[in-house]
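The block underneath contains the structure these notes are about, expressed in structure tokens.
The values are calculated or read from the model by the stated rules, or taken from the named source; none is laboratory data. On a predicted model such as this, the values are computed, not experimentally measured, just so you know. For neighbour counting, all protein chains shown are included, and Cβ atoms are generated from backbone atoms with ideal geometry for every residue, glycine included. Just so you know, the surface numbers come from the protein's heavy atoms only, side chains and all, with ligands and any DNA or RNA stripped out. Shrake-Rupley method; radii C 1.70, N 1.55, O 1.52, S 1.80 Å.
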Amino acid sequence: MIEAIGLTKRYGNTVAVDNLSFTVAPGRVTGFLGPNGAGKSTTMRMILGLDRPTSGKVLIDGKPYTQLDRPLRTVGALLDAKWVHPNRSARAHLDWLAKSNGLPGKRVDEVLDLVGLTKVAKRRAGGFSLGMSQRLGIAGALLGDPKVLLFDEPVNGLDPEGILWIRQFMQGLAAEGRTVLVSSHLLSEMALTASDLVVIGRGKLISQSTTTEFVERSTENAVRVRSPHADKLGAMLVDKGFTVREGEDGALTVTGATSDQVGDIAASAGVVLHELSPQRGSLEEAFMQLTGDSVEYHAAETGK
Amino acid sequence: MTLLAVERIKLFTTRSPWWCMVLALGLSIGFTAIIAANSTEGAMPVVASAFTHQFGLMVIMVMAALAITTEYRFGTIKATFQAVPDRISPLVAKGVVVALLSAVVGLLVGFGSWGLSWLIVSDRSQLALESANDWRHVLGVSLVFAAGSLLALGVGTLVRQTAGAVSIILVFALLVENLVTLIPKIGDDIQKWLPFTVANKFVLGEADSSGLPEGAGPPVPGELSPWGSLAYFTAIALAFFVVSLVVAKRRDA
Ligand SMILES: Nc1ncnc2c1ncn2[C@@H]1O[C@H](COP(=O)(O)OP(=O)(O)OP(=O)(O)O)[C@@H](O)[C@H]1O
Ligand SMILES: [Mg+2]
């Protein structure tokens, strides 16, 4: 169980994490979702005691990380697969990690086997492909057989096979009763992996719920509308306080409105509609809307 | 103890320490061999076999700085602090391992330089290790290497970048400490208290052999006795190391 309480981190003038509180329960994969720069990595570094919170705290089973005895036995983490000396062999990298927490050399063989790196264990880590580096990082996280696991964007840059492997791996870890926190900036990925979601934007908590709840709640009121006068309609909808985004095909996605409302507004201005359909909107759209990262349809841009 | 083993694994499973050790030995002993081969005017004194230890010292300090700056460069310092969150104990363990290794290299440099001179020179009358001062010229190299490595480790931890740390160390030791004498009036007095000048005094100072003509070899300024000089240099090195521990503990990894 991970518990963040009023966690805040400021770097100079940047507020990377802003009064963030959430809990991560054991036995499930919890997605930690936010767009680039939302503060996911910063939060994870604070969980591991690497960065000092400006205020607030984060506890692991009731204790700050820095008070854990031989912490690799409690918390395993993969924040960055590149945190390995490139000239050191995979085996040597795991050897020193294991030794530092009093773990036997036998355990190094086990985790190498678990992630499928036994054959290349003697090769220098600098020559590994991204997928292999990621596996080495996961091996390091698993060394102490920890009950809490943190992964920062573990599937970034992996091929579909690698993504599937990691996804199933994390679900397997959660099924064993472990606490698993995985960050990502892709809701579609998290929808497949995580059963709970902690969503943040610009350092602040946006929501904490199950993935299903989040998806349903955030896609309720989206309407897709196509019109030859999309510019005019878009501007009017923005004036009424709705959020409007223009898709690649020229269609508008209106959030916060029902199809009735959009239809009425269009009719009142005599705007012709070619399509008007309520959406179980795409996950990414819902996510972008919630995190405030969407490219909003500004009235000023419609006058062209 | 386990942390010493951890730092030992880390140090010896990368290549740069090996290169640095070979280079330190090669430079110091190699140049001593040249001095010995050229010492045709009178007998070569013991102290002359230690003149070149400063080359080795520079390389050993680069090795020590690299031991920590590469950890910052490649992020393994984060893995280290994640594994041992109190931060002080792994850094102290690294200090112990690096200082011991440097002491061993210093021992090899000291005895290697002296031994090779013994083999090369024709007149060995001044080269026997007879007095306490003779032993200091040979064994002192080891102590200065150990202290110097802690100083470099401290600077490396503070600066966190290889290029920065190495240039600070080398520019200070090789340029600043020599050029400071250009300052009118007070230059010489300042120099006497700068760390590497003082360390030099410990290894080379108060030689009691008369084999060299007056004024030959590097000058050895300094106010303190040789052993006082070592204490002074070690205190400075420890001060840097301790400050670096405090800073590393406080700041974000
Ligand atoms: N060490 C640092 N010094 C200064 N600013 C930082 C530092 N680390 C992060 N930031 C800033 O804090 C904010 C949050 O960054 P963070 O890396 O935590 O985001 P993230 O959610 O992990 O993003 P991404 O999806 O791109 O990995 C960003 O604005 C970033 O520029
Ligand atoms: Mg990140």
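What the table shows:
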item	result
Extreme residue, farthest from the other protein chains (Cβ to nearest Cβ), among residues of region B:73-87 that are open to solvent by 10 Å² or more (accessible area, probe 1.4 Å) and outside any helix (DSSP H, G or I)	B:R87
Some residue of region A:98-119 being buried (at least 21 other Cβ atoms within 10 Å of the Cβ) and in contact with a strand residue (DSSP E or B) (Cβ under 9 Å, 6 or more places away or on another chain)	no
Test result for A:S188, closer than 23 Å to A:T42 by Cα, surrounded by fewer than 17 Cβ atoms within 10 Å (Cβ to Cβ) and out of contact with any helix residue (DSSP H, G or I) (no Cβ under 7 Å at 6 or more places or on another chain)	no
Sole exception among (1) of a type in the set (A, V, I, L, M); (2) away from chain B (no Cβ under 11 Å); (3) closer than 28 Å to B:T70 by Cβ for A:L72, by number	(2)
In region B:143-170, residue most open to solvent (accessible area, probe 1.4 Å) [restricted to those that are under 15 Å from the mean Cα position of the chain (by Cα) and more than 15 Å from B:S244 (Cβ to Cβ)]	B:L143
Selected residue (criterion: surrounded by the most Cβ atoms within 10 Å (Cβ to Cβ)) from residues of region B:1-54 that are more than 14 Å from chain A (Cβ to nearest Cβ) and among the polar types (S, T, N, Q)	B:S49
Helices (runs of 4 or more DSSP H) contained entirely in region A:122-211, each with at least 1 residues that are within 16 Å of ligand 1 (Cβ to nearest atom) and either among the aromatic types (F, W, Y) or within 14 Å of another protein chain (Cβ to nearest Cβ) (or both)	A:130-142
Boolean, A:I2 is touching a residue at least 60 places away in the same chain (Cβ under 8 Å), within 14 Å of chain B (Cβ to nearest Cβ) and more than 16 Å from ligand 2 (Cβ to nearest atom)	no
Those residues of region B:233-253 which are among the aliphatic types (A, V, I, L, M) and either open to solvent by 40 Å² or more (accessible area, probe 1.4 Å) or in a helix (DSSP H, G or I) (or both), in sequence order	B:A235, B:I236, B:A237, B:L238, B:A239, B:V242, B:V243, B:L245, B:V246, B:V247, B:A248
Qualifying residue in region A:89-103 (condition: within 16 Å of ligand 1 (Cβ to nearest atom) and within 19 Å of B:P85 (Cβ to Cβ))	no
Filter pass, A:L186 being touching a Gly at 6+ places or on another chain (Cβ under 9 Å), in contact (Cβ under 8 Å) with a residue 12 or more places away in the chain and within 16 Å of ligand 2 (Cβ to nearest atom)	no
Search result, residues across region A:99-116 that are in a loop (DSSP other than H, G, I, E, B) and either modelled with pLDDT of 95 or more or within 14 Å of chain B (Cβ to nearest Cβ) (or both)	A:N101, A:G102, A:L103, A:P104
Close pairs from region B:240-253: first more than 8 Å from chain A (Cβ to nearest Cβ), partner hydroxyl-bearing (S, T, Y), Cβ under 6 Å, at least 6 apart	B:S244/B:T157; B:A248/B:T157
Subset of region A:195-206 (residues that are in contact with a Lys or Arg (Cβ under 9 Å, 6 or more places away or on another chain) and open to solvent by 10 Å² or more (accessible area, probe 1.4 Å))	A:S195, A:D196
Test result for A:G157, within 16 Å of ligand 2 (Cβ to nearest atom) and modelled with pLDDT under 90	yes
Failed item, numbered, when A:K9 is tested on (1) within 14 Å of another protein chain (Cβ to nearest Cβ); (2) in contact with a strand residue (DSSP E or B) (Cβ under 8 Å, 6 or more places away or on another chain); (3) open to solvent by 30 Å² or more (accessible area, probe 1.4 Å)	(3)
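Okay, residues lined up against (1) part of a helix (DSSP H, G or I); (2) open to solvent by less than 10 Å² (accessible area, probe 1.4 Å); (3) of a type in the set (A, V, I, L, M):
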{"residue": "B:A65", "(1), (2), (3)": "yes, yes, yes"}
{"residue": "B:T69", "(1), (2), (3)": "yes, yes, no"}
{"residue": "B:S89", "(1), (2), (3)": "yes, no, no"}
{"residue": "B:V98", "(1), (2), (3)": "yes, yes, yes"}
{"residue": "B:A103", "(1), (2), (3)": "yes, no, yes"}
{"residue": "B:V109", "(1), (2), (3)": "yes, yes, yes"}
{"residue": "B:R124", "(1), (2), (3)": "no, no, no"}
